[in-house]
Each structure stands twice: as structure tokens, then as C-alpha cells.
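Working notes for the structure below.
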Amino acid sequence: MLDVNHIRKDFPILSRTIYGKPLVYLDNAATSQKPKSVIQSLVDYYESYNSNIHRGVHTLSMEATDRHEEARSKCTRFIGAKEEKSLIMVRNTTEAINLVAQTWGKYNISEGDEILTTHMEHHSNLVPWQKLAKQNGASLKFIELNEDGMLDLSNINKLITERTKLLALTHMSNVLGTINPVKELIEIAHKMGAKVLIDGAQSVPHMKVDVTDMGCDFFAFSGHKMLAPTGIGVLYVKPEILEHMEPFLFGGDMVSQVWDDTATWNDLPWKFEAGTPNIADAIALGVAVDYLRDLGMENIHLHEKELTSYALKAFSELEEDLTLLGPRDVERRGGIMSFHTNKVHPHDLGTFLDHDGIAVRTGHHCAMPLMRSLELPATVRASFYLYNTENEIDKLIASLKSALYYFSNGSH
Ligand code: C6P
């Protein structure tokens, strides 16, 4: 089990107050807070060994190169990949998915082909495929959702056909919290000869992920949702696919030999890392991975499951006024609670909560097609992480109760 009181001391921001109240940070699906060790690793880099990597023979450059590549190794082990060279350091999940669309996708998806996705995707796992489909004359198909916010797989064998070249699927929904049966779907897709991309932005920070066991072809995630800084993320590609992929961006560091009119490419994975990378943040991602591994992903997942069960029960008290989205079964969902009420606009509710020190996200959560299918303009979303407590959920519920009272009766 996690010693949450102890853990909270590692996160300086958690001792902040907002409007004189202790911060209750429940916007972890947007970005997580950072522990001291991660923040200190940035200071250490800039104070002690700041330099460019893969270029210098001097000590600073070699130290920075070693630490950068060590971060890649840590991420490789963390997601159960077999080889370091199958991990490309990118800015975030969005860039990772665009890379796949404009390299593998550009050359492997053609006129008449189909890309299968779902109606619970973040725009990052939809818009790049829309663009590619238009570019190459392919079409998009969607797996619909059932009433509980889970994928309706009743007709999956009809949806995945020999025309399907790619299944692009989120591991965990950033709106509904739904955890999708990715392994099962990967098996079905592979039987039909389709490749599978998993958007792991919301899963990697919260549960043990093993891309080898899962069997996916592409897997993307962002550092900033898992204790690391913004601006660093990872794309995993199965080595046998990566070997045959064309580069994404062109320039320094991704080349081997350059002549006036042509060039050859660097070894993997650097072939996909053009220009000076985000060195400090990559190293800090390695430190974030250390922090998560030390706590144990199983323990983190268990803690969040307990918080989710607690929250589901607490929300059931407000059932008459608030509608909660997503599955009720904690085995099928993570700690993301989206809700709405016809009494208050989500933005007003979010502002009210903020005045009680509670940070939540309001809006469409970059999932407009999902919102449209639910016929909702927006929701309020509270999302948990390893440092959250049941007491903070109590505060959320108390604040929601007073908001509902305030907006119905006009006083606090
Ligand atoms: N979702 C949220 O508040 P980036 O922005 O590239 O780091 O991550 C994009 C992304 C992709 N997939 C899923 C499932 C996501 O949740 C996100 C980011 C944040 O829900 C910011 S919009």
C-alpha cells in the first residue's frame, strides 16, 4: 500500500493554498504534479552538465548523452519493451501519433483502406487519422459505445475486415475513465492483418503496462501526466516495423552521411530524432519513472482503484442532481470521473470548486465527437493520482453539494 501522507511531502505544490484553502488537485488527467526529485533533476542538468548530446567529446556532452540514453532505457523497461531502439523520444502523445500517421501511415494506408477507431478518442488519436485518410483516399470507421461508456464489441468482427489497415484505440478514456480490452482487440485486429496503435496517455501513469505482452504495434504516451515535465513523450514501435519506416523530420542527428543532393539515415532510434532533443526533460522523465517504479505500479493502481470505489459511492449520494459518466465497475475503469448536471453549467461549477481550492477540468476534454454522441456541450472532470486522498474526495463532494445548493437557491 502507498503511504500517501509521506508521498505528498515529495510534491511541493501540494502545500499551496488557493483562495486561502489547501489545494485539492484533481486535474491529473490533464497533467500531474511533479515530485522534488524530478524538479531537482532539471536543476542538476542545467547547473552541472548542460550540453548538447551525441555531438561532443567533452565530459559534459558525454555525461548528458549517457543520462539521456539511460532515460530511454528506463522507459524501455518500464513499458516492457524488449529493445531500447524501439523507443523514440518525442514531445508528447500527440506528436507520437502524428509521427506514425505521417511515416508508417503515409506509406502503408492507401485508397480504399480503412482506419478503425472509436468514439471515445482524444482528438490526438483522431485528427491525425482524418488527415491521413484524406491524404491517401482511405476512410475512417468507428466502434460505438454502449450505455455504460464501454466499447460495443458486439459487431467487432464485421467492423474489422481485410480492408482495415489500422486500429487506433485509447487504452483508457480521458473522459469516461473506461479501460479498454486492448489485448483482446489487438488479437482480433492482427488476425485480420491490421496493425494496432494504442494511445497510452491515460494508462501508463496509472497501471502496469507491458507492450510486449499486449502485442501492440505502436504505443504512445506523454511524460507530463506521469510526474515528468511537459514537452517529453515516448513512441514505442515494434522493432520489425520501425526498421522499415521512413524518417519523420529531416536535419541534424538523424543522418549518417550527407552529400550535396542526398543523405543516408542514422541508426535506430536516432533516425527518428532530428535536431537537438529535449534533453533535460527526457532525463527528468527517467527520474519520474524511477519514482513510479519505487512505489510500484501495482500499488499505485490499487490506491487509485480504492479512491475510485470511494468516489463512486460518494457520487451515488448526489445521483438525483449529478449524472456521472463511464462504467460503474472499478475493474473496467480508472480514476477519471466526469459528470454533469442540468442545474449548473460545467464552467460555473468548475469556478465554484476553484474557490474551494479544488482544481478540476471543465469542457469537452478534447473529445468533441464523444461529447456530441453524448449530446453534452461539456462536463466537469475530477481525476485522481497517487497523492490524492479520500479526504480530498470528501472535500469535492462537500463543495459540489454547496454549489448545487447555491445555484438552486442563490446562497453559499
Ligand atoms: N489529455 C486531458 O485533459 P498530449 O497533449 O499530447 O500530452 O496528450 C494528448 C492526449 C492523448 N490521448 C489521451 C487519451 C489524452 O488524455 C491526451 C491528453 C489531456 O484530457 C489534455 S487535452
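When you check Asp113 against the structure, is it under 29 Å from Met226 (Cβ atoms) and away from the ligand (no atom under 14 Å from the Cβ), yes or no? Answer is no for this residue. Taking the numbered list (1) among the basic types (Lys, Arg); (2) in contact (Cβ under 8 Å) with a residue 40 or more places away in the chain; (3) more than 21 Å from Gly335 (Cα to Cα) in turn, Lys208 passes all entries but (3). Restricting Thr341, Thr323, Thr262 to those that are farther than 30 Å from Asn409 by Cα and among the hydroxyl-bearing types (Ser, Thr, Tyr) reduces the list to Thr262.
Set side by side, the residues Ser73, Ser86, Ser48, Ser110 differ, and just one is farther than 25 Å from Ser256 by Cα and touching a helix residue (DSSP H, G or I) at 6+ places or on another chain (Cβ under 6 Å), which is Ser110. For the range 330-345, state whether one or more residues are out of contact with any helix residue (DSSP H, G or I) (no Cβ under 7 Å at 6 or more places or on another chain) and part of a helix (DSSP H, G or I). Scanning the range 330-345 turns up no residue that is out of contact with any helix residue (DSSP H, G or I) (no Cβ under 7 Å at 6 or more places or on another chain) and part of a helix (DSSP H, G or I). Of all residues in the range 360-388, those that are part of a loop (DSSP other than H, G, I, E, B), more than 16 Å from the ligand (Cβ to nearest atom) and farther than 30 Å from Asp10 by Cβ total 2. Checking Ser51, Ser41 one by one, the residue that is more than 27 Å from Ala201 (Cβ to Cβ), buried (at least 16 other Cβ atoms within 10 Å of the Cβ) and polar (S, T, N, Q) is Ser51 and no other. Could you say whether any residue in the range 313-332 is more than 23 Å from Val24 (Cα to Cα), of a type outside the set (Gly, Ala, Ser) and surrounded by 18 or more Cβ atoms within 10 Å (Cβ to Cβ)? Checked against the condition, which is being more than 23 Å from Val24 (Cα to Cα), of a type outside the set (Gly, Ala, Ser) and surrounded by 18 or more Cβ atoms within 10 Å (Cβ to Cβ), the range 313-332 yields at least one hit. Would you check if there is a residue in the range 21-34 being in a loop (DSSP other than H, G, I, E, B), within 24 Å of Val211 (Cα to Cα), within 16 Å of the ligand (Cβ to nearest atom) and among the hydrophobic types (A, V, I, L, M, F, W, C)? Within the range 21-34, one or more residues are in a loop (DSSP other than H, G, I, E, B), within 24 Å of Val211 (Cα to Cα), within 16 Å of the ligand (Cβ to nearest atom) and among the hydrophobic types (A, V, I, L, M, F, W, C).
Listed by first and then second residue, the pairs linking a residue in the range 220-231 that is more than 8 Å from the ligand (Cβ to nearest atom) to a residue that is at pLDDT below 95, with Cβ atoms under 9 Å apart and 6 or more places separating them unless they lie on different chains, form an empty list.
Among the residues making up the range 1-54, those that are among the charged types (D, E, K, R) and without any contact (Cβ under 8 Å) to a residue 12 or more places away in the chain are Asp3, Lys9, Arg16, Asp44, Glu47. For the range 158-202, a tally of residues being under 20 Å from the mean Cα position of the chain (by Cα), surrounded by fewer than 22 Cβ atoms within 10 Å (Cβ to Cβ) and not hydrophobic (A, V, I, L, M, F, W, C) returns 2. Entry remark, the range 212-250: residues being in a loop (DSSP other than H, G, I, E, B) and more than 23 Å from Lys34 (Cα to Cα) number 12 in total. Among the residues of the range 118-135, the ones that are away from the ligand (no atom under 12 Å from the Cβ) and either within 18 Å of the chain's Cα centre (by Cα) or surrounded by fewer than 20 Cβ atoms within 10 Å (Cβ to Cβ) (or both) come to 7 in all.
The values are calculated or read from the model by the stated rules, or taken from the named source; none is laboratory data. Since this is a predicted model, take the numbers as computed values, not measurements. Cβ atoms come from the backbone with ideal geometry, glycine included; neighbour counts cover every protein chain shown.
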